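One structure below.
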Amino acid sequence: MITDMLGAFGALIFVLGLLILIMWGIKRIGVMPGQPTIRTGKKSIDILESRVLDSRNRLVAVRWKGQEYLLGVNQNGTRLIDSEMQDEKVSTDLQQSQ
């Protein structure tokens, strides 16, 4: 009786561990929508934030070569909404605080 319960408990732990491993793999590969792909090494593009507006539209904030971009992404493509240099933002913020 106890050995049957220990076997069932061991099988449960194994299945839960396997599910956690599969979920980690899916997140790592980037198959889930809205999740950026995690890569090792030097990154040239950083996804700062991503927001779903509705079932077809998304806003994505991206940093590339020291410049930040706000992109609108939908089924028809990608559109640049706004862009800003990082250095200009820092100097503007400093001037406003003085």
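The values are calculated or read from the model by the stated rules, or taken from the named source; none is laboratory data. Keep in mind that this is a model prediction, so the values were computed, not measured.
Residue by residue, here is whether (1) at pLDDT 90 or above; (2) charged (D, E, K, R); (3) not assigned by TED's automatic domain parsing to the domain that holds Leu71 holds:
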residue	(1), (2), (3)
Ile2	no, no, yes
Leu6	yes, no, yes
Phe9	yes, no, yes
Phe14	yes, no, yes
Leu19	yes, no, yes
Gly25	no, no, yes
Asp46	no, yes, no
Leu53	yes, no, no
Arg58	yes, yes, no
Inset, instruction - Quickly run through the stretch 68-87 and pick out the residues that are more than 19 Å from the chain's Cα centre (by Cα) and not small (Gly, Ala, Ser). - result: Gln75, Asn76, Arg79, Leu80, Ile81, Asp82, Glu84, Met85, Gln86, Asp87
